[in-house]
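Participant: So that we are looking at the same thing, I have put the structure below in structure tokens.
We did not get these values from a lab; they are worked out from the coordinates using the rules stated. Nothing here was measured: the structure is a model prediction, and the numbers come from that model. Using ideal geometry, Cβ is built from the backbone for each residue, glycine included, and neighbour counts are taken over all protein chains shown.
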Amino acid sequence: MGTDTGAVSRRTRLLLLLLLVVVVNLGPLGSWWTQERLDRDGVSERVAASTEGMPEGQVVVALPPEVTDAVAPDDADGTEDQAADRAGLLARTATLEPAAYDDAVATGEVEVTWLEDDPATYRVEGEQGGTGLATLLVVNAGVLLLVAVVLLLRGRTRPELRMVATADVRRVPPGPLLERVEGNDYVVRGDVESLSEDELVLAVADRRVRVLLDGHANPASYQHSVEVRGTMIG
């Protein structure tokens, strides 16, 4: 495994992680931004809501004409499916939070908010299933937990390598390298993660290599980039 391969692998994992974060957040962020727009620029109106014949917590909402005209225009030449969609909007079923449901039972009305420049974007106030900042935090916590589990499991499946140096350690420019020279002889290049008088541990891309110095000189210190040649023993 050469330097370029290790660097590309690390960049690929980072890009995949960023892509995962974007994909997971795309839906919740879009929903959250819509709610923010409705809070800031929305037009609200009290409309009729019926609970007759509906299960507990559900109401039939008569959406404002502005909303139904935007979502399903009244087209005399439209298809039966379009007509059915419009009829469904004119008598839309909504499942409400307990407080909102109690208010609907008491008043026979619910509040609907929509965007004046985009009436197809609307919400029934008190309807269950909204996405807020708390939801985004939970989603991202889940992503971080998944990443932590993957890294933990991956660390367990990538055992530390051990080698005995056959030459002095050399300071080199940064860049990971784990390359077989011949038989069990390897050239290893990485950053010093820890060291003692007779050994050092190198971080080589996503691997760790423990180098037994066996009397050879080590001019490097913590976090220095070094190269060493030796015999792999495990």
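Participant: Please list the non-local residues whose amide H lies under 5 Å from the amide H of Arg92, H modeled 1.01 Å from N, same-chain partners needing a gap of 5 or more.
Facilitator: Val61, Leu63
Participant: In nm, to one decimal, how far is the modelled label at Asp168 from the one at Glu197, with both set 7 Å along Cα→Cβ?
Facilitator: Going by the 7 Å Cα→Cβ label model, 2.0 nm.
Participant: Moving to a separate point now. What FRET efficiency would be calculated for the residue pair Asp117, Val47, taking the C-beta separation as r and a Förster radius of 22 Å, to the nearest 0.05?
Facilitator: Calculated value: 0.65.
Participant: Another question, if that's okay. Calculate one ³J(HN,Hα) per residue across the stretch 42-59 by plugging θ = phi - 60° into the Karplus curve 6.51 cos²θ - 1.76 cosθ + 1.60, and present them in order as whole Hz with x for glycine and proline.
Facilitator: Using θ = phi - 60°, the values come out as x, 9, 10, 8, 7, 10, 5, 9, 10, 10, 5, x, 9, x, 3, x, 10, 9 Hz.
Participant: If each residue's Cβ is checked for other Cβ atoms within 10 Å, how do Met163, Met232 rank with the fewest at the top?
Facilitator: Working: Met163 23, Met232 16.
Fewest-to-most Cβ neighbours within 10 Å comes out as Met232, Met163.
Participant: Quick one: 3J(HN,Hα) in Hz for the stretch 189-202, Karplus 6.51/-1.76/1.60 with θ = phi - 60°, rounded, Gly and Pro as x.
Facilitator: 10, x, 9, 5, 8, 7, 7, 9, 5, 10, 7, 8, 10, 9
Participant: Give me the extension gain from Ala217 to Leu18: residue separation times 0.36 nm, minus the current Cα-Cα distance, reported in nm with one decimal. Walk me through the intermediate numbers first.
Facilitator: On the way: separation 199, 0.36 × 199 = 71.64 nm, distance 4.15 nm.
Value of the extension gain: 67.5 nm.
Participant: Shifting gears a bit: Considering amide H positions built from the backbone, and no H for Pro or chain starts, which residues 5 or more places from Thr166, or on another chain, come under 5 Å of its amide H?
Facilitator: Under 5 Å from the amide H of Thr166 lie the amide H atoms of Arg229, Gly230, Thr231, each far enough along the sequence or on another chain.
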